[in-house]
Amino acid sequence: MLLLGTLQASVSIIPMPQKCIEKRGNFTVNDKTVITLSVDNEEMRNAVSFWNDLFDTAAGFSLEVSSTPRSSNVIRCRLNTSLPNEESYKLTVSQSSIHIDARTPKGIFYAFQTLRQLLPSAIESDKLVTEKVKWNIPCVVIEDSPAFSYRGVMLDVSRHFIPKEDVKRHIDLLAFHKLNILHWHLTDDQGWRIEIKKYPKLTTVGGYRKKTIVGYMWDNPTEWYTKRYGGFYTQEDIKEVVAYAKKRFVEIIPEIEMPGHSVAALTAYPEYSCTGGPFEVEGRWGVFNDIYCTKESTFTFMQDILDEVVKLFPSSYIHLGGDEAPRIRWKNCVHCQERMKQEHLTKEAELQTYFINRIENYLNTKGKKIIGWDEILEGGLSPDATVMSWRGTSGGISAALQKHDVIMTPGSGGLYLDHYQGDYKIEPVTIPSAPAYLSRTYNYEPVPDTIKSLGLEKHILGVQCNNWSEYMYTNAKMEYQMYPRSLALAEIAWSPAKKKNFTDFARRVDANSVRLDERHVRYHIPLPEQPYGSCDKVVITKDTVVTFQTSRPMKMVYTLDGTTPTPASAVYTEPIKVSGNMTIKIATVLPSGKMSKVRTIDVEKQNYA
């Protein structure tokens, strides 16, 4: 028997289970295999229905689902209240049957996600597999529970919009890796993406911008894409996506930004600003001075919007943003200054707290709790607010010390997926930052030592990666930034911290890349980098070497004659000796044979008298 971490290549599960023992033999799924349910209801059928969808598409057959017991060629699903929590499961695969015990249908669902990763990768095919495949599952015993209850990814569709089908695609990938929260960032300065029937101009006006900045916002001169850009989700779209997520046990938390990041809304309804406008939906990125005014009509406006939002989202939380709200307009606004006098407030930070608390109290009457970015701490915090700590970990620590629940999502921890994941000189343009290499993301620990020492771990609900979309021009670019770092998040959020091992994780990422290939995910493959800074030309005056490295253990192949390398080309094992003019072409190769983009480095020798 082998414990996970030393398993054979057939078992490469992400996220790593708490306990996994591999045994001899396989269970083979065929068209006579039956799934039996100890409780036959809609949630249980949801937990297994996707399995039949996979087999129907890839294998050409579906499995019977029944409540009648069966002794062999069966996948038996049983609810068992003795398991630790609602997402726990125990999975036993023998040659004659598969037994799944779980406390709730969620656990059944996650057991099936594990089974998917034990099947041949062809099960992920979007069309019938014509070659003969044995749908074997290796015999294992797995006992598993998540480390954190909140395991999320934030999808920003305000800066760059993606269609609902792409949102569903991300939900599928999150669920596959046992992530259970999609934080849907629906409103910002650059676009309002959710239909509000009482205020139609929010989408017809606020959902579109006249121009979009190209490249970095501080580039001089500024370059603009001048075609009208935008889009939004109808309420029917929202209902469809929410229902889709529910079937996959993913909770969608909407974010409706306030009081800042509101230029798109104020363009549509300038009367809720301090100055009265006019405004234009922003095509630049950054933070803008015009935010919601605190006059009474604004709160009516926000409450009307939220009345429609809460009917669309059954989530326990509504995210209010609360970040990056300059208060300069409030300082010079007669309505805001009068509000401060009425409420006996001494500074504008307290007025922001008033704004958030008032909206929170209203949402509480609707059965909702709020989440806000850590700026909501600045003027004091209501007792039931949950804080997302993004500006490092200090906000999360401060909130937990005040007995508030916290979701850790610091950019400094490698959790911002819009940050570079390799040398900026050779990676596509994105948010300027030190690279958030896969290892940096993977090695993040959500519970700070301070919190551990004080026994306040229960207040750390979980962890989230954020994918801000300023530079995510297409869904393909979004996927490139999200994967495989979202897999690292999955392991942070689910697996025991004491079992984390980046080298083994990198092996499992390589093994699971073929599954992403089957689903046509455009994921990042590390490029060969140079430790002294990547470049496309090396000038030498004497014989020397050119050194390459990768951000995770990867095979590199190269040529020196200008031809394009293949998986069979020379393998990079040591620095390449150069003594004259030549062209190095080098790329990384996954075990599947899939290659990264090819890097070309021209070497030029200059002789000086």
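The values are calculated or read from the model by the stated rules, or taken from the named source; none is laboratory data. Nothing here was measured: the structure is a model prediction, and the numbers come from that model. Here Cβ is always computed from backbone atoms with ideal geometry, including for glycine, and neighbour counts include all displayed protein chains. Calculation scope for accessible area: heavy atoms of the full protein, side chains included, ligands and nucleic acids excluded. Shrake-Rupley method; radii C 1.70, N 1.55, O 1.52, S 1.80 Å.
Observations on the structure shown:
- Summed over segment 490-524, residues that are of a type in the set (V, I, T), within 17 Å of S551 (Cα to Cα) and under 20 Å from the mean Cα position of the chain (by Cα) total 1.
- Number of the condition not met by V509 [criteria: (1) open to solvent by less than 20 Å² (accessible area, probe 1.4 Å); (2) in a loop (DSSP other than H, G, I, E, B)]: (2)
- Residue check, E165 within 22 Å of L487 (Cα to Cα), open to solvent by 10 Å² or more (accessible area, probe 1.4 Å) and under 21 Å from the mean Cα position of the chain (by Cα): yes
- Qualifying residues in segment 576-593 (those that are open to solvent by less than 60 Å² (accessible area, probe 1.4 Å) and among the polar types (S, T, N, Q)) - the one farthest from the chain's Cα centre (by Cα): T583
- Looking across segment 61-83, the residues that are out of contact with any strand residue (DSSP E or B) (no Cβ under 8 Å at 6 or more places or on another chain) and either closer than 21 Å to R248 by Cα or open to solvent by less than 50 Å² (accessible area, probe 1.4 Å) (or both) come down to F61, S62.
- Helices (runs of 4 or more DSSP H) wholly inside segment 295-365 that include at least 1 residues being surrounded by 16 or more Cβ atoms within 10 Å (Cβ to Cβ) and aliphatic (A, V, I, L, M): 296-312, 334-342, 348-365
- In segment 433-460, the qualifying residues are those that are among the aliphatic types (A, V, I, L, M) and open to solvent by less than 30 Å² (accessible area, probe 1.4 Å), and the one that is nearest to Y229 (Cα to Cα) is A436.
- Yes/no for F148 being within 21 Å of E255 (Cβ to Cβ), open to solvent by 10 Å² or more (accessible area, probe 1.4 Å), out of contact with any Pro (no Cβ under 8 Å at 6 or more places or on another chain) and in a loop (DSSP other than H, G, I, E, B): no
- Scanning segment 88-116 for residues that are in contact (Cβ under 8 Å) with a residue 40 or more places away in the chain, part of a strand (DSSP E or B) and either touching a His at 6+ places or on another chain (Cβ under 6 Å) or surrounded by fewer than 22 Cβ atoms within 10 Å (Cβ to Cβ) (or both) turns up K90, T92, S97.
- Total residues in segment 567-606 satisfying the condition of being in contact (Cβ under 8 Å) with a residue 12 or more places away in the chain, in a loop (DSSP other than H, G, I, E, B) and β-branched (V, I, T): the figure is 1.
- Condition check for A264: open to solvent by less than 10 Å² (accessible area, probe 1.4 Å) and over 30 Å from V429 (Cβ atoms): no
- The condition of being farther than 21 Å from A476 by Cβ and either touching a residue at least 60 places away in the same chain (Cβ under 8 Å) or in contact with a strand residue (DSSP E or B) (Cβ under 6 Å, 6 or more places away or on another chain) (or both) holds for only one of I194, I171, I213, I162, that being I194.
- Qualifying residue in segment 520-531 (condition: in a helix (DSSP H, G or I), closer than 22 Å to I123 by Cβ and in contact (Cβ under 8 Å) with a residue 12 or more places away in the chain): no
- In segment 561-575, the residue that is surrounded by the most Cβ atoms within 10 Å (Cβ to Cβ) out of those that are out of contact with any Lys or Arg (no Cβ under 6 Å at 6 or more places or on another chain) and not hydroxyl-bearing (S, T, Y) is P567.
- Some residue of segment 125-136 being outside any loop (DSSP other than H, G, I, E, B) and open to solvent by less than 10 Å² (accessible area, probe 1.4 Å): no
- Of the numbered criteria (1) closer than 18 Å to V309 by Cβ; (2) in contact with a Gly (Cβ under 7 Å, 6 or more places away or on another chain), the one F355 fails is (2).
- Selection count, segment 535-559, where residues are in a loop (DSSP other than H, G, I, E, B) and open to solvent by less than 70 Å² (accessible area, probe 1.4 Å): 7
- Only residues that are in contact (Cβ under 8 Å) with a residue 40 or more places away in the chain and either hydrophobic (A, V, I, L, M, F, W, C) or surrounded by fewer than 20 Cβ atoms within 10 Å (Cβ to Cβ) (or both) were counted across segment 412-422, and they come to 2.
- Among residues of segment 1-59 being of a type in the set (G, A, S), within 26 Å of V133 (Cα to Cα) and at pLDDT below 90, the one that is least open to solvent (accessible area, probe 1.4 Å) is S10.
- Taking residues in segment 25-47 that are over 22 Å from S96 (Cβ atoms), and partners anywhere that are part of a helix (DSSP H, G or I) and not aliphatic (A, V, I, L, M), the pairs with Cβ atoms closer than 6 Å and at least 6 places apart or on different chains are E43/P105; M44/P105; N46/K247; A47/P105; A47/F109.
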